[in-house]
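One structure below.
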Amino acid sequence: MGFAKLQRKKKLVVLPSKEPLSFVPSLSEVEPFEEQHYKVNELSMLWGYSRQFLMREFLKEPDILNHHRPATEYKRVYNSPRIPRSVAIRVHSRLKNKAA
């Protein structure tokens, strides 16, 4: 067994866009389903907050897409939110104002 097989592969996260989050086209230009959506992990890497903290913040927000599987006897709760760019900008500006 070679050394390369013993090493764990690092998960590469590719961000969907190189545009800054502060760029938002006017609402008349973009339909809600056409708007770019982010995963919580992508935003935590961009902003430097923990995934758990951002999950709590975004689950309170309206206008997010959330796939929720409730807990059963043998399975845990599963949330998979997708955050539209406009909601991400709104939450980020609120978090910046809290810190200031």
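Read-outs throughout are calculated quantities, based only on the coordinates presented, and are distinct from any laboratory measurement. Keep in mind that what you see is a predicted model, and the values were worked out from it rather than measured. Heads up, the Cβs are rebuilt from the backbone with ideal geometry, glycines too, and the neighbour counts pull from every protein chain shown.
In whole Hz and in residue order, list the ³J(HN,Hα) couplings for segment 65-77 that follow from phi through the Karplus curve 6.51 cos²θ - 1.76 cosθ + 1.60, θ = phi - 60°; x for Gly and Pro.
So the J values, rounded to whole Hz, are 9, 10, 8, 10, 10, x, 6, 10, 4, 10, 10, 7, 5.
Scan around Arg82 for amide H atoms under 5 Å from its own, H built in the peptide plane at 1.01 Å from N, and keep only partners 5 or more places away or cross-chain.
Answer set, sorted by chain and number: Leu65, Asn66, His67.
If we sort 49-59, 66-76 on the protection proxy, mean other Cβ atoms within 10 Å, highest first, what's the order?
Per-residue mean Cβ counts within 10 Å order the peptides as 49-59, 66-76.
Could I have the simple spin-label model distance between Gln36 and Lys60, label points 7 Å from Cα toward Cβ, reported in nm to one decimal?
2.6 nm
Relative contact order, percent, of segment 35-100 when contacts are C-alpha pairs under 8 Å separated by at least 6 residues?
Dividing the mean separation by the residue count of segment 35-100 yields 36 percent.
Compute the normalised compactness of segment 35-100: alpha-carbon radius of gyration over 2.2 N^0.38 Å, N being the residue count.
1.18
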